[in-house]
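Report on one structure; see the data block that follows.
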Amino acid sequence: MCAPRELPPTRPAITHRFQVAGHKGYVTVGLYEDGSPGEVFITMAKEGSTLSGLMDALAATASLALQHGTPLYALCRRLAYMHFEPSGPTDNPEIPYAHSVVDYVFRWLALRFLPEDERAAIGVAGGAKDSPSCPTCGSPLLRRNGHASCPRCGEEAVGQG
C-alpha cells in the first residue's frame, strides 16, 4: 500500500460558495505547498440531511484518493456530469446548469485546477462564455464541420455551429 502524501499542518485553502437548484453549499479545498489540491470538504446548508451526509462521504473519499496519488483529472473525468437530484440551474455563469451537486463540485474543481487540455478532454469548457450548452442535458457543445453536437447525450444542436 502506498503511503499518503501528507499535507502541511497549516495550509492554504480555497472556499467556494455554490447553489444547485436552490440547494446551497460550500466546497473547501486544502492545498499542498505547490498549489495542488490535497483535501476536499463539501458542506451543504441542510446539516444532517442525506445529501449532506453523502457529500461528506464523497469529500472524504476524494481527499483520501488525492492523498494516495489519484490524479484530480481521474476523479473529475469520472464524477463530472453525474445525473441525479438535486439538479438544475446554478448561480455560477461558468457552470450554468448542474446535473447534480457532485457534477457541480467536480466541474468546478476541473475549472479551478486542471489545465485546459485536461478540461477539454472531459468536456469541461468553462460554461456559456466558451461554448453554448446542450438544450437537452446542459453539457458544453462541441463544434465540428459547421454544426454543434453534444458529447454526452449525442444531441445535434441546429444553429449552434
Where residues in segment 20-36 are assigned to a strand (DSSP E or B) and over 13 Å from the mean Cα position of the chain (by Cα), which of them is nearest to R107 (Cα to Cα)? G25
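Looking only at segment 33-48, filter to residues that are in contact with a helix residue (DSSP H, G or I) (Cβ under 9 Å, 6 or more places away or on another chain) and not aliphatic (A, V, I, L, M); which one of those is farthest from C76 (Cα to Cα)?
Within segment 33-48, the first condition is being in contact with a helix residue (DSSP H, G or I) (Cβ under 9 Å, 6 or more places away or on another chain), and the residues that meet it are 35-46.
Then drop every residue that is not not aliphatic (A, V, I, L, M), which leaves 35-39, 41, 43, 46.
On the way: G35: 17, S36: 14, P37: 13, G38: 14, E39: 14, F41: 15, T43: 19, K46: 25 Å.
So the residue we want is K46.
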Has segment 15-22 got at least one residue that is surrounded by fewer than 18 Cβ atoms within 10 Å (Cβ to Cβ) and modelled with pLDDT under 95? yes
Qualifying positions in segment 98-122 - among the hydroxyl-bearing types (S, T, Y) and in contact with an Asp or Glu (Cβ under 9 Å, 6 or more places away or on another chain): S100
Segment 46-64, subset over 17 Å from W108 (Cβ atoms) and of a type in the set (G, A, S), residue modelled with the lowest pLDDT: G48
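In the set S52, S87, S63, S100, which member is in contact (Cβ under 8 Å) with a residue 12 or more places away in the chain, among the polar types (S, T, N, Q), surrounded by 15 or more Cβ atoms within 10 Å (Cβ to Cβ) and farther than 28 Å from L141 by Cα? Explain how you work it out, then say what you get.
Numbers: S52 fails: in contact (Cβ under 8 Å) with a residue 12 or more places away in the chain; S87 fails: farther than 28 Å from L141 by Cα; S100 fails: farther than 28 Å from L141 by Cα.
Just one listed residue meets the conditions, S63.
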Criterion: touching a residue at least 60 places away in the same chain (Cβ under 8 Å), in the same structural domain as Q19 (by TED's automatic domain parsing) and closer than 26 Å to C2 by Cα - qualifying residue of L79, L109, L72, L58: L109
Taking E85 as meeting all but one of (1) within 18 Å of K24 (Cα to Cα); (2) part of a helix (DSSP H, G or I), write down the number of the exception. (2)
If you go through F41, F106, the only one that is crowded, with 18+ Cβ neighbours inside 10 Å and not in a loop (DSSP other than H, G, I, E, B) is F106
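The values are calculated or read from the model by the stated rules, or taken from the named source; none is laboratory data. These numbers come from a predicted model, not from an experiment. Here Cβ is always computed from backbone atoms with ideal geometry, including for glycine, and neighbour counts include all displayed protein chains.
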